[in-house]
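Have a look at the structure below, then the notes.
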2 protein chains.
Amino acid sequence: MARNGDLRRQILEQARSLLLAEGYAQASMRKIANAVGCTPTSIYLYFDSKDSLFHSLVEEGMTRLHEQLETVVSLFPDPEDRFRRLCRGYLEFGLENPEFYEIMFLLHPEQMMRYPTDKYRRARRNLQIFADAIAAFRRGDPNFDPILSATVVWSLLHGAISLHLAKRVDVSLSTPAFVEQVVEHSVQMLQPHNP
Amino acid sequence: MARNGDLRRQILEQARSLLLAEGYAQASMRKIANAVGCTPTSIYLYFDSKDSLFHSLVEEGMTRLHEQLETVVSLFPDPEDRFRRLCRGYLEFGLENPEFYEIMFLLHPEQMMRYPTDKYRRARRNLQIFADAIAAFRRGDPNFDPILSATVVWSLLHGAISLHLAKRVDVSLSTPAFVEQVVEHSVQMLQPHNP
DNA sequence: ACTGTAAAGTTAACATCGTTAACTGAAAAT
DNA sequence: ATTTTCAGTTAACGATGTTAACTTTACAGT
């Protein structure tokens, strides 16, 4: 059929759109194929499995997130301000792209084949962005590991997004208020101890 | 067949064991039925669906967690010590019961029917335990909402467990070291601001 | 121009899944 | 003794991811 050799692109496009519209489980190979106008088996010409198809979307999501964080870094030089905005940026990315966030970080456990280790580099780069920002306003403090702190901060941000997406956060809290609280606590978490 | 009217119990038992052994997706109705020694359809005599079967396990998990936290409360009266141990207890519960934790908090998004709202009470009680512990060592501080702080702390603990279970945390960190870091940051998060 | 080959796509099928309708057998109630 | 009720089964439906085998298309080499 005449598809100008861009069937792969079309598949990714429709997979993405179906993912956003109906979620991972409902985005079946047959639905994707139908949306594209080919047979389910054709998808296997370009992707090893459903998992590996969605891994490509994970990479798209990682890139988006990375770009968003890099933009923050480039625009805001003040360490604490930058850190705050990074946190806010990460939270907003998760809350505004729930389906992307889901396949990127949420439904790996058994649901989806593990994202190949060698592709974690972009995720790792995002962690490094946080570590650098943190290091900037805790410079000169020994026994302080930026990567470790960044991991803990990431845990907080990730947990907040997860609970919010799962609607486990009390609805009496508005979303922006919750975001600000999490950001404030992130900053507080990094303050030097007062004995 | 002679099953002393405890088929329901047997189903729950095998479902739990299969869940722990192979995870939610692989624990199929047919496998459960096979393990019990009945037909898949018999399960529907006692549970409306696969979801509602596993919701019963969610409740078992919630109860376990609740008991574990209540034990901590009853044993350790000192506010900060108690709070620390609550955090540690929650983290350990999650890390030591990954499959339970998964169905309790992790794979709701689309994967599993939403856990009925009216059954959130036990989860809510667990949040309240944290809120009370937090309130105890921030007493007298106005514009400080214990439930809000408890939610943020919960986010941190939940995120740490999620990332660890998804093997996203750098392996160079030992698990106990990571747990202690998270606990320390939880405490730090609640310190009064120093301007 | 003819033929051989490789790529691109399709058809048909497999095994598995959650779930339902219709049936059977036994025990309890009238 | 007959009817009703309960507990469980058989057989099937529609949907899923995936594979093997086939067809069609395009393009080389001679």
- Item | Test: residue in the range A:104-117 that is among the charged types (D, E, K, R), modelled with pLDDT under 95, open to solvent by less than 70 Å² (accessible area, probe 1.4 Å) and touching a helix residue (DSSP H, G or I) at 6+ places or on another chain (Cβ under 9 Å) | no
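Please tell me if B:A133 is modelled with pLDDT of 90 or more and closer than 20 Å to B:V73 by Cα. Spell out how you get there, then give the answer.
Numbers: modelled with pLDDT of 90 or more: yes; closer than 20 Å to B:V73 by Cα: yes.
Taking the combined requirement at face value, the residue satisfies it.
When the range B:150-172 is examined, which residues are found to be of a type outside the set (G, A, S), free of Cβ contacts under 8 Å to residues at least 12 places away in the same chain and open to solvent by less than 40 Å² (accessible area, probe 1.4 Å)? Even if it seems obvious, please write down each step before you answer.
Keep residues of the range B:150-172 that are of a type outside the set (G, A, S), which gives B:151-154, B:156-158, B:161, B:163-165, B:167-171.
Subsequent filtering for residues that are free of Cβ contacts under 8 Å to residues at least 12 places away in the same chain retains B:163, B:167-171.
Of everything in the range B:150-172, those that are of a type outside the set (G, A, S), free of Cβ contacts under 8 Å to residues at least 12 places away in the same chain and open to solvent by less than 40 Å² (accessible area, probe 1.4 Å) turn out to be B:L163, B:R168, B:V169.
For the range A:177-185, check the following and say yes or no: at least one residue is among the polar types (S, T, N, Q) and modelled with pLDDT under 85. I'd like the intermediate steps shown before the answer.
Within the range A:177-185, the first condition is being among the polar types (S, T, N, Q), and the residues that meet it are A:181.
Next, only the ones that are modelled with pLDDT under 85 stay: none.
Within the range A:177-185 (the criterion being among the polar types (S, T, N, Q) and modelled with pLDDT under 85), the answer is no, since none of the residues qualifies.
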- In the range A:129-149, what residues are in a helix (DSSP H, G or I) and free of Cβ contacts under 8 Å to residues at least 12 places away in the same chain? A:A135, A:L148
- Among residues belonging to the range A:36-53 that are more than 10 Å from DNA strand D (Cβ to nearest atom) and buried (at least 17 other Cβ atoms within 10 Å of the Cβ), point out the one that is farthest from the other protein chains (Cβ to nearest Cβ). A:C38
- Is there a residue being open to solvent by less than 40 Å² (accessible area, probe 1.4 Å), within 11 Å of DNA strand C (Cβ to nearest atom), at pLDDT 95 or above and within 14 Å of chain A (Cβ to nearest Cβ) anywhere in the range B:1-23? yes
- Message: Under 6 Å between Cβ atoms, which residue pairs at least 6 apart in sequence (or on different chains) link something in the range A:57-81 that is within 11 Å of A:A123 (Cβ to Cβ) and assigned by TED's automatic domain parsing to the domain that holds A:I103 with a partner that is assigned to a helix (DSSP H, G or I) and open to solvent by 70 Å² or more (accessible area, probe 1.4 Å)?
- Response: A:M62/A:R122; A:H66/A:R122
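Right, A:S28: modelled with pLDDT of 95 or more, open to solvent by 20 Å² or more (accessible area, probe 1.4 Å) and within 14 Å of chain B (Cβ to nearest Cβ) or not? Explain how you work it out, then say what you get.
Details: modelled with pLDDT of 95 or more: yes; open to solvent by 20 Å² or more (accessible area, probe 1.4 Å): yes; within 14 Å of chain B (Cβ to nearest Cβ): yes.
Against the criterion (modelled with pLDDT of 95 or more, open to solvent by 20 Å² or more (accessible area, probe 1.4 Å) and within 14 Å of chain B (Cβ to nearest Cβ)), A:S28 qualifies.
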- Message: Out of the residues in the range A:26-53 meeting the condition of being among the hydrophobic types (A, V, I, L, M, F, W, C) and either in contact (Cβ under 8 Å) with a residue 40 or more places away in the chain or away from DNA strand C (no atom under 16 Å from the Cβ) (or both), tell me which one is nearest to A:M104 (Cα to Cα).
- Response: A:L53
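For the range A:154-162, check the following and say yes or no: at least one residue is more than 10 Å from chain B (Cβ to nearest Cβ), among the hydrophobic types (A, V, I, L, M, F, W, C) and assigned to a helix (DSSP H, G or I). Quick ask: steps written out before the conclusion?
Residues of the range A:154-162 more than 10 Å from chain B (Cβ to nearest Cβ): none.
No, the range A:154-162 has no match at all.
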- Kindly list the number of the only condition in (1) within 14 Å of another protein chain (Cβ to nearest Cβ); (2) more than 10 Å from DNA strand C (Cβ to nearest atom) that fails for B:S56. (1)
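For every residue, the table says whether it meets (1) within 16 Å of DNA strand D (Cβ to nearest atom); (2) in a helix (DSSP H, G or I); (3) closer than 25 Å to B:E96 by Cβ.
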residue: B:R9; (1), (2), (3): yes, yes, yes
residue: B:Q26; (1), (2), (3): yes, no, yes
residue: B:V58; (1), (2), (3): no, yes, yes
residue: B:E70; (1), (2), (3): no, yes, yes
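Going by what's in this entry, would A:A123 be described as in the same structural domain as A:V183 (by TED's automatic domain parsing) and not polar (S, T, N, Q)? Reasoning before the result, please.
Working: in the same structural domain as A:V183 (by TED's automatic domain parsing): yes; not polar (S, T, N, Q): yes.
When the stated conditions are applied, A:A123 passes them.
The values are calculated or read from the model by the stated rules, or taken from the named source; none is laboratory data. No experiment lies behind these values; they were computed from the predicted model shown. Every residue, glycine among them, receives a Cβ derived from its backbone with ideal geometry; neighbour counts consider all protein chains shown. With ligands, DNA and RNA removed, areas are computed over all heavy atoms of the protein, side chains included. Shrake-Rupley method; radii C 1.70, N 1.55, O 1.52, S 1.80 Å.
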